[in-house]
There are 2 protein chains.
Amino acid sequence: MNYMLKNENAIYYECGYSCDNALYLRLGSEAYFITDGRYTIDAKQHVKGAKVVINGDLYAEAVKLLKKTKVKKVVFDPKEWCVAGFEKLTSQTKIIFKPELDFSHKKRIIKSDEALKILAKAAKLGAKAFGNLAKEFQENGFGKDEFTLTYMAKSVLGDHGRYDLSFDPIVAIGANAAKPHATPTKKKLKKGDLLLVDAGLKYKRYCSDRTRTVFAQEGFKFKTKQNFSKKKIQKAYDTVLKAHDNAIAKARSGMKAKKVDALTRDLIEKAGFGEFYVHSTGHGVGLDIHEMPYISKKSDTVIEDGMVFTIEPGIYIPDEFGIRIEDMVAMVDGKVQVL
Amino acid sequence: MNYMLKNENAIYYECGYSCDNALYLRLGSEAYFITDGRYTIDAKQHVKGAKVVINGDLYAEAVKLLKKTKVKKVVFDPKEWCVAGFEKLTSQTKIIFKPELDFSHKKRIIKSDEALKILAKAAKLGAKAFGNLAKEFQENGFGKDEFTLTYMAKSVLGDHGRYDLSFDPIVAIGANAAKPHATPTKKKLKKGDLLLVDAGLKYKRYCSDRTRTVFAQEGFKFKTKQNFSKKKIQKAYDTVLKAHDNAIAKARSGMKAKKVDALTRDLIEKAGFGEFYVHSTGHGVGLDIHEMPYISKKSDTVIEDGMVFTIEPGIYIPDEFGIRIEDMVAMVDGKVQVL
């Protein structure tokens, strides 16, 4: 198949290298990695299975190559290309450009053994970082606001500059945790608060993703077993944990994604919190923090061995509190393996 | 004029608020800020001069509004829209969509008095952070590798979580500085090294940008006066500084950008380093770190009062060293004011 890629991770997946200004063409048996002069040395050293072509104008170079090829049809992902760039390429050749949504994500939905190993290591490093973060928060976190706590989470998750982060961590106290995508406020952490942390790091470009919600008392840990002082919170927490554990225990290869979603949703609905579970059960994780498969109530995607995704049910009660428990899992031998 | 925007900073410029999932329409006398439910509270509080519309599917909402309007032509920037999103909007209405490259950047090329004040403050905070970074490097930087130094630069520039950064700082030692967009290596800083730092922070969403190259000896400061031990480096450094100072002294409103570029380039070429000055003199700075005007040897843009851009000549000798000195400037009363 012939295709063209612009997204950094999509290109990395093809040839083991990428940078912030590159374009990739697969035309018949030939592949081309086009970048500018700033990246000559690195590209020539790391790109595998593609010819490195240096040109400050990536599009002009791509047009040249497209004009020369005998290929008649080239697949592209219309989410990946801006109108201007796409116009430049397509207005000058007679090639048929065939849109295919999520083209690269579809290729990447089943992880290779190598990618699985890297993702397992990323998840392990992420879990370890949560352990370090609990210590850091106990020593220096109480009395600090969410801005500072978020910065501490960045430092600890990234091991003080060693790892890039999968995304900006979410650190939310009490009622702020009721926004699934909370941004930091000046609210300060005090003992006995509910504290939600959603964070991940990148290992060899692959992402980790993890959420814990805890009762932030003396000596707290980011474990899934938590004892809150308020009954309503505890009831919601136990419901989320039961939903989380249920999906991990019962999800199977061969199930549709919507059936996996139901493994968390049915329990939360039955407990009377259905209206407060405002998102899907999870999303695939890989080079991108959000990939396929999406574990949503509408998805007919069939879950298969080698897929990696999150299980992250939640309950969000506006102006009161929010709870989410998230783990990354891989499908192995038909069952869930927590990474 | 009628237009539609997708870029976060372009939207912020129009209405004083934005987020990572928004779409903005200006249709006749009406303007619409479309976002999803996660941002309802913040958008309703902060968006000025536009109606906030909440819909999880931004494009479906936009199509609805485009179908209702009597407007016949809508301007868009083809760099700002992905092919998939643009198709969704344009395939369902009879409106003429008129491409205009850099539409929002063109609107923003002359800064308002308010934006000028914020940019001046951003630059001042950036300069102060360089002062703090010199201290930090002297106390803890020697013996550390570029990864760790880069992380220290991030911490200090962001004032430990207080400010976002304009971009990932560049911290490059010796020969690594010869790559204008150097990425960190395991090379360690020792006394007597050449050290290049290019970094900036965001204040009220506006960017600062600054580069200094120093002789990293005991007690060094990020000043423009530097004494290197090697004659060749000193000669190159003095040439870059002279070029930098020349452009600041002689650039005038009414000049073409290419003439400003020549104010640095001619001196560097005359000193015999022309082939090692591999980039333009500078770029506009605002909500984006790279905006108009571009101070390049091909640009016919006429420089005007209220424009803000960088002056950043450099000399890069492969495998030996790289030098760049960068300041942000504003055009005020026809002349350059260093921010």
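The values are calculated or read from the model by the stated rules, or taken from the named source; none is laboratory data. Because the structure is predicted, anything quoted here is derived from the model rather than measured. A quick note on method: Cβ atoms are made from the backbone with ideal geometry, for glycine too, and the neighbour counts reach across all protein chains shown. Heavy atoms of the whole protein, side chains included, go into the accessibility calculation; ligands, DNA and RNA do not. Shrake-Rupley method; radii C 1.70, N 1.55, O 1.52, S 1.80 Å.
Worth a mention:
- With protein chains left intact and a 1.4 Å probe, residues in segment A:3-107 average 48 Å² of accessible area per residue.
- Nearest 10 degrees, 0 to 90: helix B:58-68 Cα axis against chain B principal axis: 50
- Between segment A:165-186 and segment B:64-88, the Cα center-to-center distance that results, in Å: 33
- Whole-Å distance, taken between Cα centres, linking segment A:207-250 and segment B:103-130: 45
- Summary for residue A:232: label point 7 Å along Cα→Cβ; distances to the equivalent points in the other copies, ascending, 7.3 nm.
- Value at 222 nm in deg cm²/dmol, rounded to 500, when DSSP H runs of n ≥ 4 in the protein assembly as shown each add -39,500 (n - 2.57): -10500 deg cm²/dmol
- A dipole drawn for chain B from +1 and -1 charges on Cβ atoms has a positive end, and of B:49, B:180, B:255 the residue lying farthest that way is B:255.
- Rg and Dmax of the protein assembly as shown, Cα atoms only, in Å: 26.4, 79
- Those aspartates and glutamates that a straight Cα-Cα span of less than 15 Å connects to residue B:135, excepting residues fewer than 8 apart in one chain: B:159, B:218
- Label distances, nm, residue B:306 versus same residue in remaining copies, Cβ-directed 7 Å point: 5.9
- Shielding by other protein chains, B:155-163, mean Cβ within 10 Å: 3
- Between helix B:113-140 and chain B: long-axis angle, C-alpha atoms, 0 to 90°, nearest 10: 40
- Ordered by solvent-accessible area of protein heavy atoms (1.4 Å probe), largest first, the residues A:4, B:255 come out as B:255, A:4.
- Span from the segment A:1-33 Cα centroid across to the segment B:145-160 one, whole angstrom: 32
- Within-12-Å neighbourhood charge of residue B:156 [Cβ basis; K, R +1; D, E -1]: +1
- Backbone phi angles across segment B:278-292, fed through the Karplus curve with coefficients 6.51, -1.76 and 1.60 (θ = phi - 60°), yield HN-Hα couplings of 8, 9, 7, 5, x, 8, x, 9, x, 5, 9, 6, 10, 9, 7 Hz in residue order; Gly and Pro are listed as x.
- Angle in degrees between helix B:231-250 and the longest Cα principal axis of chain B, rounded to the nearest 10: 40
- What segment B:187-305 shows is 47 Å² of accessible area per residue, with the surface traced by a 1.4 Å probe over protein heavy atoms.
- The label-point distance for residue A:21 and residue B:181, in a model that sets each label 7 Å from Cα toward Cβ, rounds to 0.5 nm.
- Under the convention that each Lys and Arg Cβ holds +1 and each Asp and Glu Cβ holds -1, the size of the dipole of segment A:250-320 around its Cα centre is about 400 debye.
- Other residues with beta-carbon under 11 Å from the beta-carbon of residue B:106 carry, at +1 per Lys or Arg and -1 per Asp or Glu, a net charge of -2.
- Across peptide B:74-87, the mean count of Cβ atoms from other chains lying within 10 Å of each residue's own Cβ comes to 5.
- Average beta-carbon neighbours from other chains, 10 Å sphere, peptide A:98-104: 1
- Charge dipole (debye, nearest 20) of chain A; +1 at Cβ of Lys and Arg, -1 at Cβ of Asp and Glu: 400
- For segment A:75-89, the Karplus equation 6.51 cos²θ - 1.76 cosθ + 1.60, evaluated at θ = phi - 60°, returns couplings of 7, 9, 9, x, 7, 8, 10, 7, 4, 5, x, 4, 4, 4, 6 Hz by residue, with Gly and Pro reported as x.
- What a 1.4 Å probe finds exposed on the protein assembly as shown is 50% carbon and sulfur by accessible area, rounded to a whole percent.
- Cα lying deepest toward the dipole's positive end in segment B:113-338, options B:244, B:203, B:336, charges on Cβ: B:244
- Taking a sphere under 12 Å around the Cβ of residue A:29 and counting the other residues whose Cβ falls inside, with K and R at +1 and D and E at -1, yields a net charge of +2.
- Shortest-first nm distances, residue A:21 label point to equivalent points in other copies (7 Å, Cα→Cβ): 3.2
- Buried solvent-accessible surface, both chains (A, B), 1.4 Å probe, Å² to nearest 100: 1700
- Where labels lie 7 Å past Cα in the beta-carbon direction, separation of residue B:337 and residue A:54 in nm: 4.2
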